[in-house]
Amino acid sequence: MRFIAYFFYRFFILLFSIMPFWVAYLFADLAFVLVYYIVPYRKKVVVSNLTSSFPEKSKAEIAHLTRKFYLHLANIMVESLKGLSMSKAQIIKRHRVVNPELMDAYYAKGQSVIGVTAHYGNWEWGAFSGGVQVKLGMVAFYKPITNKLIDGDMKRRRSKFNSKLASIRETAMTFKANVNHKVAFLMAADQAPSNLRDCYWLPFLNHPDTPWLHGPEKYARLYNLPVIYVDIQRVKRGYYELTLSTLADSPNELPDGEITARYARKLEQAIIAEPTYWLWSHRRWKRKKQAI
């Protein structure tokens with residue numbers, strides 16, 4: 001079965017590598033019809049998350065945001081496939097880092113950093129764009145795919161431009177092996193943590209207690225690494241801009257939890273400004289603090 005899945009995976013990679021973007025987005029339109037109308041993908045989860053996060057919005061407004069989210073999700077599905085065969089020129093044009101000099105300054109000092117982003121905008125192209133637009137090497141953490149054939153090929157393709165992927169299961173080892181090599185460790189920290197006893201609890205999007213992964217703050221303090229927030233904003237279909245800002249330059253001088261709180265506030269501001277581009281299908285609030 002895994003060989004059949006791998007065959008179709010390679011077929012679609014080849015297919016999307018030869019088609020222009022405008023044709024790829026026709027597939028995105030078809031994918032939208034599929035996941036929104038025909039086989040609704042986690043629609044109850046999306047509506048529930050939006051409703052609880054924006055209680056002031058009417059049912060009609062929630063329905064409008066839901067539809068826009070699924071349009072964006074369909075784009076991301078196609079863009080993730082298309083990204084595996086994009087050239088450097090396409091990456092720079094379509095996923096532009098607005099101020100790479102912020103990270104380049106740390107490269108000049110011989111210092112590694114942690115870059116924190118979220119499942120907002122187009123996060124799939126992050127390892128590509130950083131690898132070709134900043135001087136620091138990129139180490140992006142990801143959750144391995146069960147099919148080892150697909151996982152190996154995808155890892156190779158996403159590591160082609162001065163970047164490499166590392167399993168989230170090998171986070172500690174990856175930091176230890178690379179921290180002295182002038183790299184940016186890219187971490188998406190807006191997933192729901194599996195261990196509620198080892199996380200930070202913060203108010204977020206009208207939810208008084210939201211659990212946050214402790215990883216970025218933990219490793220920032222352990223190695224005294226600056227933490228950079230990567231804000232990904234959609235300009236138009238297929239085009240994004242990444243703006244870097246410093247969350248913490250000297251992590252160990254801040255109170256415990258402050259780095260995570262700053263990250264949460266940055267992300268919350270982006271979502272409130274434009275809710276469409278966050279991954280609302282994620283069961284962000286499925287676990288409660290009382291469950292500890």
| Qualifying residues in region 271-292 (those that are of a type outside the set (Phe, Trp, Tyr) and in contact with a strand residue (DSSP E or B) (Cβ under 6 Å, 6 or more places away or on another chain)) - the one farthest from VAL116 (Cα to Cα) | LYS289
| field | So VAL35, is it in contact with a helix residue (DSSP H, G or I) (Cβ under 9 Å, 6 or more places away or on another chain), open to solvent by less than 80 Å² (accessible area, probe 1.4 Å) and either at pLDDT below 95 or not acidic (Asp, Glu) (or both) | value | yes
| said: Just to verify a result, which residue in region 119-160, among those that are under 15 Å from THR243 (Cα atoms) and among the polar types (S, T, N, Q), is modelled with the lowest pLDDT? | reply: SER129
| field | Any chance MET173 is free of Cβ contacts under 8 Å to residues at least 12 places away in the same chain and under 17 Å from LYS218 (Cα atoms) | value | yes
| Hits in region 44-79 (condition: part of a helix (DSSP H, G or I), closer than 22 Å to GLY121 by Cβ and basic (Lys, Arg)) | ARG67, LYS68
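Would you confirm whether or not region 80-103 contains a residue that is in a helix (DSSP H, G or I), over 17 Å from ILE271 (Cβ atoms), among the aliphatic types (A, V, I, L, M) and free of Cβ contacts under 8 Å to residues at least 40 places away in the same chain? Let's see the steps before the verdict.
Within region 80-103, the subset in a helix (DSSP H, G or I) is 80-83, 88-94, 101-103.
From the residues that got through so far, the ones that are over 17 Å from ILE271 (Cβ atoms) too are 80-83, 88-94, 101-103.
Okay, now just the ones that are also among the aliphatic types (A, V, I, L, M), so 81, 89, 91-92, 102-103.
Going one step further and asking which of them are free of Cβ contacts under 8 Å to residues at least 40 places away in the same chain, we end up with 89.
Yes, region 80-103 has at least one match.
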| said: I'm trying to understand the selection: among the residues of region 180-194, which are touching a Leu at 6+ places or on another chain (Cβ under 9 Å), over 26 Å from LYS88 (Cβ atoms) and either surrounded by fewer than 20 Cβ atoms within 10 Å (Cβ to Cβ) or small (Gly, Ala, Ser) (or both)? | reply: ALA189, GLN191, ALA192, PRO193
| message | Can you tell me how many residues within region 75-110 are touching a Leu at 6+ places or on another chain (Cβ under 8 Å) and buried (at least 18 other Cβ atoms within 10 Å of the Cβ)? | response | 6
| query | Do we find a residue being within 30 Å of LEU205 (Cα to Cα), polar (S, T, N, Q) and loosely packed, with under 13 Cβ neighbours inside 10 Å anywhere in region 56-63? | reply | yes
| field | Subset of region 120-157 [open to solvent by 40 Å² or more (accessible area, probe 1.4 Å), touching a strand residue (DSSP E or B) at 6+ places or on another chain (Cβ under 9 Å) and in contact (Cβ under 8 Å) with a residue 60 or more places away in the chain] | value | TRP123
| request: Output the number of the condition that TYR70 fails; it satisfies all remaining conditions of (1) in contact (Cβ under 8 Å) with a residue 60 or more places away in the chain; (2) at negative phi. | output: (1)
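Going by what's in this entry, would LEU165 be described as of a type in the set (A, V, I, L, M, F, W, C), over 23 Å from SER245 (Cβ atoms), touching a residue at least 12 places away in the same chain (Cβ under 8 Å) and crowded, with 17+ Cβ neighbours inside 10 Å? It would help to see each step written out before you state the result.
On the way: of a type in the set (A, V, I, L, M, F, W, C): yes; over 23 Å from SER245 (Cβ atoms): yes; touching a residue at least 12 places away in the same chain (Cβ under 8 Å): yes; crowded, with 17+ Cβ neighbours inside 10 Å: yes.
Yes.
The values are calculated or read from the model by the stated rules, or taken from the named source; none is laboratory data. Here the structure is a predicted model, which is why all the values come from computation and not from measurement. We place every Cβ from the backbone using ideal geometry, glycine too, and count neighbours over all the protein chains shown. Heads up: the accessible areas ignore ligands, DNA and RNA and are worked out on the full protein's heavy atoms, side chains in. Shrake-Rupley method; radii C 1.70, N 1.55, O 1.52, S 1.80 Å.
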